[in-house]
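Step one of this worksheet: look at the structure below.
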Amino acid sequence: MALERVLEPEVMDTQEEAVDYNAMDHSTVNEVFVNDLLAITGEPAPEILRDILDLGTGTALIPVELCNKVQECRVMAVDMAAHMLDLAKYNLEINSLTDRIELAQVDAKQMAFPDGQFDLIISNSIIHHIPDPNPCLSEAVRVTRTGGLLFFRDLMRPESSEEVSRLVQQYAGNENAHQKQMFDDSLRAALSLEEIREMIATLGFKKESVTATSDRHWTWTAHKA
């Protein structure tokens with residue numbers, strides 16, 4: 001029997017969660033995310049990297065990675081968690097990126113941005129936090145300009161508890177107990193590949209635009225028609 005989805009809190013907004021999340025070693029995952037994105041846009045592709053929206057930015061580690069690699073880009077980085085954004089502000093300051101990355105506390109399911117404002121929407125690991133991700137995905141499409149790019153990546157729910165335990169040990173084995181539990185919870189809250197493909201199809205995109213891109217991630221890549 002396939003592992004059922006077990007929801008976790010939508011907003012990680014305690015000081016302990018923010019600090020432990022920021023302290024985890026995301027460097028390889030973040031670098032792969034940015035490199036995969038740039039492989040699609042055709043580095044440096046400044047025309048599509050000028051106005052970017054990062055949904056569920058957490059502590060803004062991916063915008064920092066991106067801006068360190070592409071000098072032309074500007075990022076609006078949003079999250080619902082105030083404690084995450086507090087640490088994100090610190091990360092921007094120590095990387096001297098406060099002039100190129102703007103932070104805002106925003107609910108990705110209901111955004112005040114105008115239609116078609118952004119060239120590129122990126123998101124890493126927001127979807128598994130949301131009980132019903134459809135409004136978030138719809139809003140992302142709405143605020144993307146015609147011809148703009150959507151690039152989402154998230155965890156993919158394993159088939160069994162045994163596989164969850166294996167992934168936690170492999171990728172968070174050196175973290176503290178709370179950090180391991182956070183990763184375990186996130187894997188169980190994630191969508192399966194088929195579930196996210198069905199959601200994308202309801203928005204008018206091809207199911208094949210979502211692919212399994214690691215043993216624990218799916219990635220959705222699509223241009224807005």
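Just from its helices, what would the mean residue ellipticity at 222 nm be for the chain, if runs of 4 or more DSSP H residues each count -39500 (n - 2.57) and the sum is divided by every residue, rounded to the nearest 500 deg cm²/dmol?
Taking each H run of at least 4 residues, the total per residue is -12000 deg cm²/dmol.
Using Rg and Dmax of the Cα atoms in Å as the read-out, say which of (1) 16.5, 50; (2) 17.8, 68; (3) 17.5, 53 was calculated from these coordinates.
(1)
Starting from 0.36 nm per residue, how many nanometres of slack lie between residue 212 and residue 82 once their C-alpha separation is accounted for?
43.7 nm
Give, as ranges by residue number, the residues of region 154-184 whose backbone N falls under 16 Å from the point 7 Å along Cα→Cβ of residue 193.
Under 16 Å, as judged by backbone N against the label point of residue 193, lie 154-160 of region 154-184.
Taking H as built 1.01 Å from N, whose amide H comes closer than 5 Å to the amide H of residue 154, not counting residues under 5 places away?
125, 218
Give a residue-ordered list of calculated ³J(HN,Hα) values for region 208-225 (Karplus: 6.51 cos²θ - 1.76 cosθ + 1.60, θ = phi - 60°; whole Hz; x for Gly, Pro).
Values per residue, Gly and Pro as x: 5, 6, 9, 10, 6, 10, 6, 6, 9, 10, 10, 9, 10, 10, 7, 9, 7, 6 Hz.
Using a simple charge model, +1 on the beta-carbon of Lys and Arg, -1 on the beta-carbon of Asp and Glu, nothing else, what dipole does the chain show about its Cα centre, in debye to the nearest 20?
620 debye
For Cα pairs less than 8 Å apart in space and 6+ apart in sequence, what is the mean separation divided by the residue count of region 15-223, i.e. the relative contact order in percent?
Details: 342 pairs, mean separation 36.8, N = 209.
Computed value for region 15-223: 18 percent relative contact order.
How large is ³J(HN,Hα) for each residue in region 151-159, as worked out from phi by the Karplus curve 6.51 cos²θ - 1.76 cosθ + 1.60 (θ = phi - 60°), to whole Hz, x for Gly and Pro?
Ordered by residue, 3J(HN,Hα) equals 9, 10, 9, 7, 5, 10, 5, x, 7 Hz.
How many angstrom separate the Cα center of region 112-129 from the Cα center of region 168-225?
16 Å
Give the long-range amide H neighbours of residue 80: residues separated by 5 or more places, or on another chain, with amide H under 5 Å away, using H modelled in the peptide plane at 1.01 Å from N.
When sequence neighbours closer than 5 places are left aside, the close amide H contacts are 106.
So how far apart, in nm, are the two label points at residue 39 and residue 93 if each is 7 Å from Cα heading toward Cβ?
It works out to 3.7 nm between the two label points.
Bear in mind these aren't lab numbers, they're just calculated from the coordinates by the rules spelled out. Values in this document were obtained by computation on a predicted structure and should not be read as measured data. No Cβ is skipped: glycine too gets one built from the backbone with ideal geometry, and neighbour counts run over all protein chains shown.
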